[in-house]
Amino acid sequence: MGIKVPTSCRKQGKCKECLVEVTQGMEFLTPRTAEEAHLGKNFRLSCRCKITSDTGVIRCHTMRRGEMRIERHAFELPTRTKTWQLDPCVTRDGDRILLDGAEIARSMAPIHGLAMDLGTTTVVIRLLNLETGEVIADASFENPQRFGGSDVMARIHFDTHDKSKILQRTLVGYLTHAIEEFPVDPQTIYELVIAGNSTMRDLFFRLNVHSIGQSPYRSITELEMEEGKRTTTSLSESAGKFGLPIHPKARVYGLPIISGHVGADAAACMLAIDLANEDRTVAIMDIGTNTELILGNKTKILAASCPAGPAFEGGAIACGMPGLPGAIEKIKILDNDSVQVAVIENTPAEGICGSGLVDLLSELLRTNRMDTLGRFENGEDKFVLDVKSDSPIYFTESDINELAQAKGANVAGLRVIFHDYGVSFDDLDVFFLAGGFGRHLNVESSKRIGLIPNIPDEKIIQVGNAAIEGACIALLSRAKRNELEAMARQVTHCRLEAHERFFDFFVEGCQFKPVDASLATQNT
Ligand code: FES
């Protein structure tokens, strides 16, 4: 069918890269082979299975690239307008290429570096010229580790029982293909800087991630730091050990993590918004399966992570889907009761993605079709969207319940962190909504349902992928990298699960009503 399927072994069943997710018709395929024993139930290796029936419908896709709406850029960041010196760790002296001042190669070709935002769901890589700071290319793809589960806990469980480190090897295979497609000789790439949550980062470095999945949820790097075995949670390895196609003496540097599930991606966001030099009180919220929260300024910083689950990414929702073509991303209920929607790439609707779900909840509330407890006012058990699609798109009370709980966890996280900081939402100067979901949210809808505090619009900045921006800054500036190392040590981690008020805040946060901006320092 002309679909390019990744492979490094020429269909020998060895590289494990030819992954396909089968969403319908698994029964029409040959039985699973020994080479596929590691895969979750919806996944197959395409070189190991054949179609066994003359009739029937099979739906499947390779791991997605490009077509998936992955947030590759950041917007309105303070660091974009402030000046910092181009001062990378990799420099040139004539034909000598130096890493931290020590020669690692001889070449007159330009010198390059890579920044990567390694997410649980998606991976974004940017190629930069280290002598000019210019971005040459970027690439993004769905994290192929999805065969080991869609959230970090599932991946931790998978990796803990897998001695072959197949999660890491599969990702390296995909990364290798992406690097080889860049328009430069990979041997001219001398450093790779990685921002990612604690689990993704540690898996990439082949560290044991078991401790991140158990209370008190610590990366092995944190535990070793406490025992005095290391001075930083950042990681540094030679590229030769990873089997990547970049220069073998290149350095692979994992940004420091903050604590627990507040990882190197959150650290990169702090660098991107220039928190170390910030006098105002600012908050960063990156809503996802695991929502990360940071609050503070240059004198005091608190951080927390909330396990909100996949509902706002379309998971566990009957007609939910990721931000792909066909996803309803905007919804308005008109006065004549018809529903107006915007679908990504204007195709017939296939489902509703996160920003559409927030709009839908808000519209149901605004038009009195749903009460603040998430019950339909007309006694029906579902709301059907009358839109152009091949199969019915609907929204049920059990979907609302899933979203209520995800929202409850996010709001409780916000309440706890503000409560512990001793400020109210009103005291906030800037509220950064980071990440792809945060970028596409309708702020008015989010405030109406109480997903974000009810603060003035002008204080809210939807920054997009700040993590990749932070990784680029760390790649291009030694001073900024050192600043981040120091800042990461300063952050106090709020452990939500242990907080006495968390459950009360969670129960209240499950209701669909605006979150009063004066809250947080109060006890109710
Ligand atoms: S192509 Fe390598 S395992 Fe299928």
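Could you check, for segment 350-358, whether at least one of its residues is among the small types (Gly, Ala, Ser), surrounded by fewer than 19 Cβ atoms within 10 Å (Cβ to Cβ) and not in a loop (DSSP other than H, G, I, E, B)?
No, segment 350-358 contains no residue that is among the small types (Gly, Ala, Ser), surrounded by fewer than 19 Cβ atoms within 10 Å (Cβ to Cβ) and not in a loop (DSSP other than H, G, I, E, B).
Just wondering, is there one or more residues in segment 421-429 that are of a type in the set (D, E, K, R), at pLDDT 95 or above, out of contact with any His (no Cβ under 8 Å at 6 or more places or on another chain) and not in a helix (DSSP H, G or I)?
Yes, segment 421-429 contains at least one residue that is of a type in the set (D, E, K, R), at pLDDT 95 or above, out of contact with any His (no Cβ under 8 Å at 6 or more places or on another chain) and not in a helix (DSSP H, G or I).
Among the residues of segment 21-38, write down those that are over 19 Å from Thr52 (Cβ atoms) and without any contact (Cβ under 8 Å) to a residue 12 or more places away in the chain.
Listed by number, the list holds a single entry, Ala37.
Residues of segment 1-44 being hydroxyl-bearing (Ser, Thr, Tyr) and within 7 Å of the ligand (Cβ to nearest atom), which ones? Quick ask: steps written out before the conclusion?
Within segment 1-44, the first condition is being hydroxyl-bearing (Ser, Thr, Tyr), and the residues that meet it are 7-8, 23, 30, 33.
Thr7, Ser8, listed by residue number.
What number of residues within segment 173-230 are without any contact (Cβ under 8 Å) to a residue 40 or more places away in the chain and of a type in the set (Lys, Arg)?
Qualifying residue count, segment 173-230: 2.
From the list Ile136, Ile194, Ile156, pick out the single residue that is crowded, with 21+ Cβ neighbours inside 10 Å and either in a strand (DSSP E or B) or of a type in the set (Phe, Trp, Tyr) (or both).
Answer to the selection: Ile194.
Among residues belonging to segment 21-38 that are assigned to a loop (DSSP other than H, G, I, E, B), at pLDDT 90 or above and of a type outside the set (S, T, N, Q), point out the one that is nearest to His157 (Cα to Cα). Can you show your working first?
To start, the set of residues in segment 21-38 that are assigned to a loop (DSSP other than H, G, I, E, B) comprises 25, 30-33, 37-38.
If we keep only those that are at pLDDT 90 or above as well, we get 25, 30-33.
Now narrow it down to the ones that are of a type outside the set (S, T, N, Q): 25, 31-32.
Values: Gly25: 28, Pro31: 25, Arg32: 22 Å.
Looking at residues that are assigned to a loop (DSSP other than H, G, I, E, B), at pLDDT 90 or above and of a type outside the set (S, T, N, Q), I get Arg32.
Of the residues Leu451, Leu484, which is in a helix (DSSP H, G or I) and under 30 Å from Ala115 (Cβ atoms)?
Sole residue among the options that is in a helix (DSSP H, G or I) and under 30 Å from Ala115 (Cβ atoms): Leu484.
Mind checking which residues of segment 282-300 are among the β-branched types (Val, Ile, Thr) and surrounded by 18 or more Cβ atoms within 10 Å (Cβ to Cβ)?
Val282, Ile284, Ile287, Thr289, Thr291, Ile294
What residue, among those in segment 179-216 that are among the small types (Gly, Ala, Ser) and within 17 Å of the chain's Cα centre (by Cα), is farthest from Leu130 (Cα to Cα)?
The qualifying residue farthest from Leu130 (Cα to Cα) is Ser198.
Using the structure shown, decide if Val463 is touching a residue at least 60 places away in the same chain (Cβ under 8 Å), in a loop (DSSP other than H, G, I, E, B), farther than 18 Å from Lys513 by Cβ and touching a strand residue (DSSP E or B) at 6+ places or on another chain (Cβ under 9 Å).
no
State all residues of segment 217-227 that are part of a loop (DSSP other than H, G, I, E, B), within 22 Å of the chain's Cα centre (by Cα) and not aromatic (Phe, Trp, Tyr); if no residue qualifies, say none.
Selection gives Arg218, Ser219.
Out of (1) part of a loop (DSSP other than H, G, I, E, B); (2) over 26 Å from Thr91 (Cβ atoms); (3) in contact with a helix residue (DSSP H, G or I) (Cβ under 9 Å, 6 or more places away or on another chain), the odd one out for Lys249 is which?
(2)
When you go through (1) within 20 Å of Arg155 (Cα to Cα); (2) over 20 Å from the mean Cα position of the chain (by Cα); (3) not small (Gly, Ala, Ser) one by one for Pro248, which number turns out not to apply?
Pro248 satisfies every listed condition except (1).
Please note which strands (runs of 3 or more DSSP E) are completely contained in segment 256-336 and include at least 1 residues that are over 14 Å from the mean Cα position of the chain (by Cα) and either over 30 Å from Ser362 (Cβ atoms) or among the basic types (Lys, Arg) (or both).
It comes to 301-307, 327-333.
This table checks each residue for (1) touching a helix residue (DSSP H, G or I) at 6+ places or on another chain (Cβ under 7 Å); (2) of a type in the set (Val, Ile, Thr); (3) closer than 13 Å to Arg251 by Cβ; (4) surrounded by 17 or more Cβ atoms within 10 Å (Cβ to Cβ).
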site	(1), (2), (3), (4)
Pro88	yes, no, yes, yes
Asp95	no, no, no, no
Leu98	no, no, yes, no
Ala102	no, no, yes, no
Ala105	no, no, yes, yes
Ala109	yes, no, no, no
Thr120	yes, yes, no, yes
Val123	no, yes, no, yes
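Can you list residue pairs whose Cβ atoms sit under 9 Å apart, with the first residue in segment 3-20 being within 18 Å of Ala37 (Cβ to Cβ) and assigned to a strand (DSSP E or B) and the second being more than 6 Å from the ligand (Cβ to nearest atom) and among the hydroxyl-bearing types (Ser, Thr, Tyr)? Count only pairs 6 or more apart in sequence or on different chains.
Within 9 Å, the pairs are Leu19/Ser46; Leu19/Thr62; Leu19/Thr170; Val20/Ser46; Val20/Thr62.
The values are calculated or read from the model by the stated rules, or taken from the named source; none is laboratory data. Model, not experiment: these values are computed from the prediction. A quick note on method: Cβ atoms are made from the backbone with ideal geometry, for glycine too, and the neighbour counts reach across all protein chains shown.
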